[in-house]
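Below is one structure, written out as structure tokens; the observations come after it.
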Amino acid sequence: MQKSAYAILLRFYLVFMWSMGWAYAVPLCQSQSEQLKFWGGTLMQMLSLQAGFAADMQVASPYNPKSTTFSPSVGAHAGVTYMNPEDTREFDYGWRIKYLFAHSSQLDRNSHYVGAMVYLHPFPNPYHRLSGAIQTHTDCLGVPDGYPTPFSFVIGSGAVIDTSYLGQSVGGYIEVGVALFKWFPINSEILYRVHLYPHNAIETTRHSISIVFNIL
């Protein structure tokens, strides 16, 4: 009988400590916008898959007779999209490391990208309607709540390795663009990318416009 009483007290103590820890871990008043940025934008996207296509623009030559070619791509990236998902911040940022594979059947070229990118989130909260935020209700503090600003800016760079019938070319790339709905597990990006090949006598620079979809 005494042992069962101790067991009951121990159980109540563990439940109490667990509930206190959970109360400290989860804010008492977390807005819908904060939940979207924390759960959908960060935790559910710690590791994401990527698929898309790019329009590559290069100088036409006897080796590359077409000035514009299309390349589908697949890849993966990992990182933290929102470093500070609280609505009290007027600016936030995130970072990701990625690998991307692209293939151009028109030029029989395979491209491997390894790099990193930074996301810049201006006004990442539901207060700024002029930035596209949508207010649907008020939170438990009476503050306007809803969906965060739908766009973010992207800056990235890294290394690229091209392999084709002409051989192998090693270079780098720089990309900038706009990301849409990063707080949702399925989102998209529009990127302008510049490829630089300092040791390639045939093609030293290539430009591309990419549309990619990030999938949980």
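The values are calculated or read from the model by the stated rules, or taken from the named source; none is laboratory data. Bear in mind that the values here come from a model prediction, so they are computed numbers and not experimental data. Quick reminder, even Gly has a Cβ in these numbers, built from the backbone with ideal geometry, and neighbours come from all protein chains shown. Ligands, DNA and RNA are excluded from the accessible area calculation, which covers all protein heavy atoms including side chains. Shrake-Rupley method; radii C 1.70, N 1.55, O 1.52, S 1.80 Å.
Yes or no, residue by residue, for (1) at pLDDT 95 or above; (2) under 18 Å from Trp39 (Cα atoms); (3) part of a helix (DSSP H, G or I):
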position: Pro62; (1), (2), (3): no, no, no
position: Phe70; (1), (2), (3): no, no, no
position: Val74; (1), (2), (3): yes, no, no
position: Tyr82; (1), (2), (3): no, yes, no
position: Lys98; (1), (2), (3): yes, no, no
position: Val114; (1), (2), (3): yes, no, no
position: Val118; (1), (2), (3): yes, no, no
position: Leu141; (1), (2), (3): no, no, no
position: Asp145; (1), (2), (3): no, yes, no
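State which residue pairs qualify: first residue more than 10 Å from His112 (Cα to Cα) and inside region 161-172, second residue aromatic (Phe, Trp, Tyr) and open to solvent by 30 Å² or more (accessible area, probe 1.4 Å) in any location, beta carbons under 8 Å apart, and separation of 6 or more residues or different chains.
Hits for this filter: Leu166/Tyr63.
Any idea which of (1) modelled with pLDDT of 85 or more; (2) within 12 Å of Gln32 (Cβ to Cβ); (3) not charged (D, E, K, R) is the one Ala102 doesn't satisfy?
(2)
Which condition does Asn110 not pass, out of (1) of a type in the set (S, T, N, Q); (2) buried (at least 20 other Cβ atoms within 10 Å of the Cβ); (3) touching a Phe, Trp or Tyr at 6+ places or on another chain (Cβ under 9 Å), if it passes all the others?
(2)
If we keep just the residues of region 49-60 that are open to solvent by 30 Å² or more (accessible area, probe 1.4 Å) and at pLDDT below 90, which is nearest to the chain's Cα centre (by Cα)?
The residue in question is Met57.
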